[in-house]
Amino acid sequence: MSQYYEASLLEEWNCAKCGAALKPAKVDIAYMGSQFTIELPKCEICGLVLIPESLARGKMAEVEKILEDK
Amino acid sequence: MNFFVCVCLCGSVANKLRKTAEKEFKNMEQKELRETEDKCIQEQPAYCVAACPIHVDVRTLIWQIKQGKWEDARKTLNKTMPFAGILGRICDHPCENHCKRREAGDPVAISALERCCVQKVSLLPKISFLPSKTQKIAILSGGLRSLTAAWDLIRKGYKIHIFTEQNRLGESLWDLPESLLPKEVIEKEFSVLEKLGAQIHLNAEKDMGFFKANPGSKEFDAVYAPPENERFLAPLEMTWLVSPINEALEGRKAAVTIDRQIQKVSLTAGREKEGPYKTRLFTSIENIAPLPLTPMSHPESGYTPEEAIQEAERCLQCQCLECVKACLYLEHFKGYPKKYAREIYNNESIVMGERKGNTLVNSCSLCGLCEVICPNDFSMADVCRNARTSMVKRGKMPPSAHEFALRDMAFSNGEKFALSKHEPGHEKSEYLFFPGCQLSASSPGHVETVYDFLRSHLKGGVGLMLRCCGAPADWAAREEIFQAGLETLEAQWEALGRPKMILVCSTCYSIFKRSLSHINIISLWEILEKYYAFSLSDADKGCLALHDPCTTRHEPQIRETVRSLLKNAGYKIEELKYSGEQTTCCGYGGLMSNANPALAKAVIQRRAEESESDFVAYCAMCRDALSSAGKRTLHLLDILFPSDDADPASQKPPTYSQRHENRARLKEHLCQILWKENVSDMADHEDLMLNIAPEVEKQMDERRILKSDIQKVIRYAEESGNRFYNSKTGHWLAAYQPVNVTYWAEYSVSDSVFVIHNAYCHRMTIAEGKR
């Protein structure tokens, strides 16, 4: 599975609520009726997911445009 | 499914789907499309091509000669011209009388270029046959006209028999001087006929006599007997007695008639453009320097290739593109309106698959410049408006294209800004001042000053209405939102006693004029022209380049009033290349800057570069757009109602967040000082104190992220505890989705102030229950 974030994110950030580390996890993301599963950093306890800027402004923006034009 | 694979699949699936998509004509029927396309004359033939009896693609031919592509040029000739080696040498060039270059110098020596081409390249045409036909046709002459008919009919697959009483084909062509038409060329060019299967009967006096006696011969399905040939050239004067190119045309026409007769189809349908006709093309020769004919060093043998290339360079390569030259949007998509109309139509017809034309549709400023410039009134605005309406109706409008502008409009029509009141101390309003949402956002101080001025000069009460006229919803084709806004506005106007409305913004003016035509309106500039007292010292303040807003395109009285105000204020006016009726949009119109920010930026950059002088605008958005391009720009109100700002031309445009704040504060301020009302009602996220560095603020603005969006993220994160922490930097990272967009803020806290380090957003969401 391709990784859409820098591995260092897992070291740099942790979940402030649980104090837990973030682990790579499969996450379903959706837009305009389409859904995809990708791997993202996620709190292993509460499940809070981090979407990094590089993904939001990169591949995610590209896919948003494609889905909007579908 | 893997995310990246999905992305690839989106493209490939879309391609497959596009190919198989059923034709579904929702908005524009084929006929309508053709009528729309037909208005754009860019694809009309060049003047020379239309004037040529057989419509040789002269424009392409000359372009190829100019590039030195001689073989390609010869192929271009061969496509249309029968026996190009012969006709290319002797064509009597009626096209040259219609060459556009003659309006700026001598016409291009088209025939001399053709001659040079066929002298340089002796390439016979490649033939692709149609399926062979069984019918036999007799051609009773070996002249140019008959052989042209034979040539065309052979290529249609007929079995051709050529009869001549002479001992060779060509008749009087053999009488032309060797220097003009070498004998070997005649032989070579006509040899193609035999190679392609024509039966040639020389010295056929007997056969000719038979045909004369039996015109209805049963052996042949058709017999073509041209009129008696004449000599081509008068021997001494060397003038044409018979036009060779018209001979070719007559032969070609005869071939069409014979073919149609045999095929039993209409002899006349679709033949309007046989022979010379008038093209609808328009080519401007403005700024084209006159150039004389390239001299020929040896007239007997014609141009040398070098001379020909030099002459070809004089060709204007006639095309229209008038609108494309004027509009960066039209230029940006590398086409022209006819092509765009087709692309948009196809975009509409896609049932499943990627609609690549969406950006084209949503990038138009709807400013109407193309329609004014086009010799045929083609309106891209109409095409794009119709497409947008259809997209909205079908639920196919990309949400990101206009959502931010619609949120901005909703803000202006919400409680933070919207207001409708009689003048303080009055129960009636003769007038109602409507400054519009953007002047209030950009220069709230001017709204207050102008309102003071109006109250002190106009009798009968001057009410105030703060809200948006609805233009963003109109541009976005959100008809329901637009109509709802108009209904509220109208109800409030009714409640104030139907006063005459004073409008500052020309976009508001155009919306009122079109959609609220029963409301009596007047432009602020016309009021100021009547009541503003210019001081005598207002003389010679310098020169300003005047930028008319695109929504004054059809409002000459407003444009003239503004000019008069500027002159009275002591300014000289520099008229820009595109001004008045032909002014250009600042990039905000039609929500271009929302749907295509990069293009809008380029549009205003180009506008700013039109003059070295400082600009003056009389639309707040135009002023702000020009300022954002680094152009020193005054608003007309900066001149008429100067503030304490010593250099208003250098004022930077407010960010989107500041625009909201300015509107909200304007309402609060006016309510406090004029109506003694306290309307401040902060939402609970708004009391969060933010510290945003200028570079982060700029980035937020470019990403269309408002301060209030970030305040909501922080409020949510602080209350819910849902956030991440970076122990190295001490920063928090949190997300919140107040609308269709999820906003992320990276922040730290210092003395109860939230320091914003970064902000970004996206539209995709984490699927329900997964977060």
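The values are calculated or read from the model by the stated rules, or taken from the named source; none is laboratory data. Just so you know, these numbers come straight off a predicted model, no measurement behind them. When we count neighbours, we look across all protein chains shown, and the Cβ atoms used for this are built from the backbone with ideal geometry, even at glycine.
Values for this structure:
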{"item": "Only one of B:Met689, B:Met700 that is surrounded by fewer than 22 Cβ atoms within 10 Å (Cβ to Cβ) and more than 12 Å from every other protein chain (Cβ to nearest Cβ)", "result": "B:Met689"}
{"item": "Strands (runs of 3 or more DSSP E) enclosed by segment B:676-767 - at least 2 residues per element that are in contact with a helix residue (DSSP H, G or I) (Cβ under 8 Å, 6 or more places away or on another chain)", "result": "B:689-692, B:731-736, B:742-750, B:753-762"}
{"item": "Test: residue in segment B:654-674 that is within 40 Å of the chain's Cα centre (by Cα) and either assigned to a loop (DSSP other than H, G, I, E, B) or of a type in the set (Val, Ile, Thr) (or both)", "result": "yes"}
{"item": "Any hit, segment B:496-507, residues being more than 26 Å from the chain's Cα centre (by Cα) and in a helix (DSSP H, G or I)", "result": "no"}
{"item": "Number of positions in segment B:294-316 that are out of contact with any helix residue (DSSP H, G or I) (no Cβ under 7 Å at 6 or more places or on another chain), surrounded by fewer than 17 Cβ atoms within 10 Å (Cβ to Cβ) and not small (Gly, Ala, Ser)", "result": "7"}
{"item": "Residue check for B:Lys707: more than 12 Å from every other protein chain (Cβ to nearest Cβ) and among the basic types (Lys, Arg)", "result": "yes"}
{"item": "Extreme residue, farthest from the chain's Cα centre (by Cα), among residues of segment B:556-566 that are of a type outside the set (A, V, I, L, M, F, W, C) and buried (at least 20 other Cβ atoms within 10 Å of the Cβ)", "result": "B:Thr561"}
{"item": "Identity of the residue in segment B:459-508, among the basic types (Lys, Arg) and more than 20 Å from B:Arg663 (Cα to Cα), that ends up surrounded by the most Cβ atoms within 10 Å (Cβ to Cβ)", "result": "B:Arg478"}
{"item": "Verdict on B:Lys500 being in contact with an Asp or Glu (Cβ under 8 Å, 6 or more places away or on another chain), outside the structural domain of B:Gly590 (by TED's automatic domain parsing) and without any contact (Cβ under 8 Å) to a residue 60 or more places away in the chain", "result": "no"}
{"item": "Filter result for B:Tyr329 (under 20 Å from B:Glu35 (Cβ atoms), outside the structural domain of B:Ala109 (by TED's automatic domain parsing) and part of a helix (DSSP H, G or I))", "result": "no"}
{"item": "Residues (surrounded by 17 or more Cβ atoms within 10 Å (Cβ to Cβ) and facing chain A (nearest Cβ under 8 Å)) located in segment B:726-739", "result": "B:Asn726, B:Trp732, B:Leu733, B:Ala735"}
{"item": "Residue identified as assigned to a helix (DSSP H, G or I), without any contact (Cβ under 8 Å) to a residue 24 or more places away in the chain and at the interface with chain B (Cβ under 7 Å from one of its Cβ atoms) among A:Ala30, A:Ala56", "result": "A:Ala56"}
{"item": "Any chance A:Ile51 is of a type outside the set (D, E, K, R), assigned to a loop (DSSP other than H, G, I, E, B) and either at negative phi or touching a His at 6+ places or on another chain (Cβ under 9 Å) (or both)", "result": "yes"}
{"item": "Wholly enclosed helices (runs of 4 or more DSSP H) of segment B:168-281 bearing at least 3 residues touching a residue at least 24 places away in the same chain (Cβ under 8 Å) and exposed (fewer than 15 other Cβ atoms within 10 Å of the Cβ)", "result": "none"}
{"item": "Filter result (in contact (Cβ under 8 Å) with a residue 12 or more places away in the chain, within 7 Å of chain B (Cβ to nearest Cβ) and part of a strand (DSSP E or B)) within segment A:33-48", "result": "A:Phe36, A:Ile38"}
{"item": "Residue that is surrounded by the fewest Cβ atoms within 10 Å (Cβ to Cβ) [pool: residues in segment A:1-25 that are among the charged types (D, E, K, R) and without any contact (Cβ under 8 Å) to a residue 24 or more places away in the chain]", "result": "A:Lys23"}
{"item": "Residue in segment B:535-543 that is crowded, with 17+ Cβ neighbours inside 10 Å, modelled with pLDDT of 95 or more, of a type in the set (A, V, I, L, M, F, W, C) and not assigned by TED's automatic domain parsing to the domain that holds B:Ala405 present", "result": "no"}
{"item": "Residue count for segment B:359-414, restricted to those that are in a helix (DSSP H, G or I) and within 21 Å of the chain's Cα centre (by Cα)", "result": "24"}
{"item": "Filter result for A:Lys65 (closer than 24 Å to B:Ser727 by Cβ, more than 7 Å from chain B (Cβ to nearest Cβ) and free of Cβ contacts under 8 Å to residues at least 24 places away in the same chain)", "result": "no"}
{"item": "Residues of segment A:1-27 classified as within 21 Å of A:Lys59 (Cβ to Cβ), more than 9 Å from chain B (Cβ to nearest Cβ) and in a loop (DSSP other than H, G, I, E, B), total", "result": "3"}
{"item": "Number of the condition not met by B:Asp709 [criteria: (1) buried (at least 16 other Cβ atoms within 10 Å of the Cβ); (2) over 41 Å from the mean Cα position of the chain (by Cα)]", "result": "(2)"}
{"item": "Segment B:744-754, subset under 22 Å from B:Lys698 (Cβ atoms) and out of contact with any His (no Cβ under 9 Å at 6 or more places or on another chain), residue surrounded by the fewest Cβ atoms within 10 Å (Cβ to Cβ)", "result": "B:Ser750"}
{"item": "Pick from segment B:400-425, criterion touching a strand residue (DSSP E or B) at 6+ places or on another chain (Cβ under 7 Å) and surrounded by fewer than 22 Cβ atoms within 10 Å (Cβ to Cβ), ranking: nearest to the other protein chains (Cβ to nearest Cβ)", "result": "B:Ala418"}
{"item": "Selection status of B:Val696, at negative phi, aliphatic (A, V, I, L, M) and in contact with a strand residue (DSSP E or B) (Cβ under 8 Å, 6 or more places away or on another chain)", "result": "yes"}
